[in-house]
Every structure is written in structure tokens, then in C-alpha cells.
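Written out below as C-alpha cells is the structure these notes cover.
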Amino acid sequence: MVLVAGGASSYYTFVYNKMTTSISHARVVPYNDLASLEEAADLVLIGSPTDAFEDRDHRVTYFEGGKAQTIQDYYTLTKFEVHRVIQSNDPDVQQDKSIEVIEPVGLVQEFTGRVKLKFEDYSEMEKGKTYVIFLKKMDSGHYSIMSLAYGKYSVGNHDGKNFTYTDTNDLTEIENREKIKMEIKEKYNI
């Protein structure tokens, strides 16, 4: 009995909780500047996710049929606390309230461990960090991050008055992204 418990404990610790990453490629609509990004967005918000990535609502759908389960789509519903509304036509989206946003990243539990599913250069938002996000309304009624990394900019940690720029996961080589981030900093005064 002790041997079985020890084996189960080892499996849980070293296999079941191990995380690997699977990267998908996507066609991304590029943006040249902040004005074009704002024009395409339904919502522009500054805020922070309220939960750690592992604790969020991960959604995965599979194709039917076949011998192996093949993933059709994945995303994560992230609860996002709104610090400031920059652009919105939705009266339900208000400062100091939270909304659920769709992030293009997922998490599945397999027998061999957890697998983070992500699209290219997108990295999930981190709890405790503040972001400017550009969102499009989906048919489901949820708002989704636009164009992967073009739709999310880390402005670091927020103490109520100041921002510090600390999210190294937000660094990317995507064309015009750093230019847009500087325009955001200047225009939104952050």
C-alpha cells in the first residue's frame, strides 16, 4: 500500500503536473500604429487579470470521429479587473468592475502532464501585472484579444498611481509593436 501511494505521489509530482508548451501558427492582422488598432477595436481597457493562469477557465474543443482526439480550438476565459476604460460603447464595461475576456491560449491536462496551447508570440496575461488590451466582440458575447500580441501590451505593475514596466514575457519582435507601445504610453499617459 505504501508503495502504491508513493508511486501515485511521484506520478502526480513529476508527470501529472509537468507543463510543456505546444505552439500553433496563425494568420495575424498586423497594425502599423495605435490609431489603426483603436479604430479596429470595440473595447480598449487598462486592467489586470484577477486569477493565476492555471486557475482560469480553459476551453478546448475537439474534432469528432477518428481514433485520436484532435484539438479543434482552444482559448481561456480570463477574468479581467478594469482599472480604466479607454474606449467603449458597452455600458456594462465600467471602471473597477471585471469582465471575462478571451485569450488565445489554453491549458489541457493529459496523462503525460499539462500542455499549454498557445498561438505564436502570444503569452498569457499574468496576475498582478497591468495591461492595455484591445478587444473585439465575438458572436458569443465575450470580448477577445485582437491579433495576438498586437492586442495586449504590458504596462507592468500598478500601485494605484504609477506603472512599472517589468513583464519580460511581453517582449516580442513583431513589426511596429514597440512603436505602438510607445504611442500607448504617451497617449494614455501611463
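The values are calculated or read from the model by the stated rules, or taken from the named source; none is laboratory data. Predicted, not measured: the structure shown is a model, and the values here were computed from it. All Cβ positions, glycine included, derive from the backbone under ideal geometry; neighbour counts span all protein chains shown.
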Count of residues meeting criterion [more than 18 Å from Tyr131 (Cβ to Cβ), assigned to a loop (DSSP other than H, G, I, E, B) and not basic (Lys, Arg)] in the range 46-75: 7
Could you list, ordered by first residue, the pairs with Cβ atoms under 6 Å in which the first is in the range 100-114 and under 12 Å from His58 (Cα atoms) and the second is acidic (Asp, Glu) and surrounded by 14 or more Cβ atoms within 10 Å (Cβ to Cβ), at least 6 apart or interchain? Glu103/Glu124; Val105/Glu124
Can you run down the residue pairs with Cβ atoms below 7 Å, 6 or more apart or on separate chains, where the first is in the range 146-165 and within 14 Å of Ser48 (Cα to Cα) and among the polar types (S, T, N, Q) and the partner is at pLDDT 90 or above and surrounded by 21 or more Cβ atoms within 10 Å (Cβ to Cβ)? Ser154/Tyr131; Asn157/Thr130
Collect the residues in the range 85-99 that are surrounded by fewer than 16 Cβ atoms within 10 Å (Cβ to Cβ) and either in contact (Cβ under 8 Å) with a residue 40 or more places away in the chain or of a type in the set (S, T, N, Q) (or both), keeping them in residue-number order. Gln87, Asn89, Asp90, Gln94, Gln95
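Examine the range 135-151 for a residue that is under 23 Å from Val28 (Cα atoms), charged (D, E, K, R) and buried (at least 22 other Cβ atoms within 10 Å of the Cβ), and state whether such a residue exists.
Initially, the range 135-151 is screened for residues under 23 Å from Val28 (Cα atoms), giving 135-151.
Checking the rest, the ones that are also charged (D, E, K, R) come to 136-137, 139.
Now drop any that are not buried (at least 22 other Cβ atoms within 10 Å of the Cβ), which leaves none.
No, every residue in the range 135-151 fails to be under 23 Å from Val28 (Cα atoms), charged (D, E, K, R) and buried (at least 22 other Cβ atoms within 10 Å of the Cβ).
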When you look at Asp33, is it modelled with pLDDT of 95 or more, surrounded by fewer than 18 Cβ atoms within 10 Å (Cβ to Cβ) and among the charged types (D, E, K, R), yes or no? yes
Within the range 135-150, track down each residue that is modelled with pLDDT of 95 or more, closer than 21 Å to Ile190 by Cβ and in contact with a Ser or Thr (Cβ under 8 Å, 6 or more places away or on another chain). Leu135
Candidate set from the range 80-122 (those that are modelled with pLDDT under 90 and assigned to a loop (DSSP other than H, G, I, E, B)); member that is nearest to the chain's Cα centre (by Cα): Tyr122
Examine the range 63-77 for a residue that is exposed (fewer than 12 other Cβ atoms within 10 Å of the Cβ), of a type in the set (Val, Ile, Thr) and in contact with a strand residue (DSSP E or B) (Cβ under 8 Å, 6 or more places away or on another chain), and state whether such a residue exists. yes
Which pairs do you get when a residue that is in a loop (DSSP other than H, G, I, E, B) and modelled with pLDDT under 90, found in the range 175-190, comes within reach of a residue that is among the acidic types (Asp, Glu) and surrounded by 16 or more Cβ atoms within 10 Å (Cβ to Cβ), reach meaning Cβ atoms under 9 angstrom, with the pair 6+ apart or on two chains? none
